[in-house]
Amino acid sequence: MQVDELTIPGAWAFTPRQFPDPRGVFLEWYKAAVVEQAVGHRLSLAQANHSVSARGTLRGVHFADVPPSQAKYVYCTRGAVLDVIVDIRVGSPTFGQSEAVRLDDVDRRGVYLSEGLGHAFLALTDDANVTYLCSEPYSPDREHGIHPLDPALSLPLPADVEPLLSDKDAAAPTLAEAQEQGLLPSYDACLAFYDSLRGGSGQ
């Protein structure tokens, strides 16, 4: 499995080896040991989600309070999505920046994003199926959103796909408004939480 650290600290892409034969294809789309080596601790699996989206569906930007927030391993089982990681950690050297990774049923890569990062994806095909492995269960009291079309974010979305948002995402605050409301996690708090997950070693 190929591991690529993304430009947003705390996010990685994992591309598995595929073994095709006349019957089809086999691959290991998630390997706990590989993720642990990259991230520095194991992903504690508390919940697995699955979404099916029409082309143009834009979900996010979503995040949760730190601690414990919610780390995610995101994998597209059918179709294609543009997965977007957004650094919303106040004080981070990449605060306000984003990176996009195409997830599809061809390369079959997955993306891991650490607690405190914002997450969104745009369905590039109809019937796009996405599975998320989550470190914490969904908790509506801790969940927040940022408007994905906020010009300050300038997410790298393709111009030829018309985004379709839920009412909740369409009503979400901008990045600046979320910061003014005290909703965003601090980078220092996230680093301290990551250290606690690694056993408090400070490494």
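The values are calculated or read from the model by the stated rules, or taken from the named source; none is laboratory data. Quantities reported herein were computed from a predicted structural model and do not represent experimental measurements. We place every Cβ from the backbone using ideal geometry, glycine too, and count neighbours over all the protein chains shown. What goes into the accessible areas is simple: the full protein's heavy atoms, side chains included, and nothing from ligands, DNA or RNA. Shrake-Rupley method; radii C 1.70, N 1.55, O 1.52, S 1.80 Å.
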Using a 1.4 angstrom probe and counting only protein chains, how large is the accessible area of Arg55 in Å², to 10?
110 Å²
The simple spin-label model distance between Thr15 and Ser44, using points 7 Å out along Cα→Cβ, in nm, is 3.3 nm
With r defined as the distance between the Cβ atoms of Ala32 and Val161 and R0 fixed at 35 Å, what FRET efficiency is calculated, to the nearest 0.05?
0.55
Provide His147, His50, His119, His62 ordered by accessible surface of protein heavy atoms (probe 1.4 Å), highest first.
His50, His62, His147, His119
Distance from the Cα centre of the range 20-37 to that of the range 167-199, in angstrom?
32 Å
The correct ranking of Lys72, Lys168 by accessible area at 1.4 Å, largest first, is Lys168, Lys72
Just how large is the dipole of the chain about the Cα centre, in debye to the nearest 20, putting +1 at every Lys and Arg Cβ and -1 at every Asp and Glu Cβ?
600 debye
Just how much of Glu162 is accessible, in Å², when a 1.4 Å probe is used and the result is rounded to the nearest 10?
150 Å²
What is the packing order of peptides 76-88, 93-105, taking the mean over residues of other C-beta atoms within 10 Å and listing the highest first?
76-88, 93-105
May I ask you to evaluate 6.51 cos²θ - 1.76 cosθ + 1.60, the Karplus curve with θ = phi - 60°, for each residue of the range 168-181 and list the ³J(HN,Hα) values in order in whole Hz, giving x for glycine and proline?
5, 5, 5, 9, 5, x, 6, 4, 5, 5, 5, 5, 4, 7
